[in-house]
1. Output the lone cysteines of the chain: those with no second cysteine's C-beta under 4.7 Å from their C-beta.
2. Dividing the alpha-carbon Rg of region 47-90 by 2.2 N^0.38 Å yields what?
3. Enumerate the calculated ³J(HN,Hα) couplings along region 14-19 in order (Karplus 6.51 cos²θ - 1.76 cosθ + 1.60, θ = phi - 60°), each rounded to whole Hz, writing x wherever the residue is Gly or Pro.
4. Using θ = phi - 60° and the Karplus form 6.51 cos²θ - 1.76 cosθ + 1.60, what ³J(HN,Hα) does each residue of region 83-89 get, whole Hz, x for Gly and Pro?
5. Starting from the amide H of SER71, placed 1.01 Å from N in the peptide plane, find each other amide H under 5 Å away whose residue is 5 or more places distant or on another chain.
6. Of the listed peptides 94-100, 46-52, 64-70, what is their order by residue-averaged count of other C-beta atoms within 10 Å, with the highest listed first?
7. Based solely on C-alpha atoms, express the radius of gyration and the Dmax of region 62-110 in angstrom.
8. What is the mean projected area of the alpha carbon convex hull for the chain, to one decimal in square nanometres?
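Throughout, read-outs are computed from the coordinates displayed, never taken from laboratory work. None of the values given here were measured: they were computed from a predicted structure. Because the Cβ atoms are built from the backbone with ideal geometry, glycine has one as well, and the counts that use them run over all protein chains shown.
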Amino acid sequence: MSRIPDLAAALERFLERVEPYDTAPDGAVAATVQLGRRRADLTDRTARALIAALDAYTDPDDRGRCASCGSRRLDTSLACQDCGRVGGIFGETLAARAEQIQSWGTSPTS
Ligand SMILES: [Zn+2]
């Protein structure tokens, strides 16, 4: 397992990027973040900036949702780890082809 980067230092770097634009840096404390021994009092502006940053985050392993079951566990090939369906255009082509082949197998003429 890799070492976790210093979260408090990351918060510090974030606040350094945001604070110059805070129009009320000495305003009331809107929220407090405690990371280990590091405590950061956030103004309304910095709290909103942190929320926006967290909301904008997308996990590198996020490949969307399975069109079939809604699961978020898609592998790098967009195959659903829960129901097995393959997503995307390739997956749709595969599903259509499989459905066609299956219909041949159940046809009374085959
Ligand atoms: Zn699925």
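1. If one checks each Cβ against the other cysteines of the chain, every cysteine finds a neighbour under 4.7 Å.
2. 1.47
3. 4, 5, 5, 6, 8, 4
4. Taking θ as phi minus 60°, the curve returns 10, x, 5, 9, x, x, 5 Hz for region 83-89.
5. CYS66
6. The peptides rank, most packed first, as 46-52, 64-70, 94-100.
7. Rg and Dmax of region 62-110, Cα atoms, are 13.1, 45 Å.
8. 11.3 nm²
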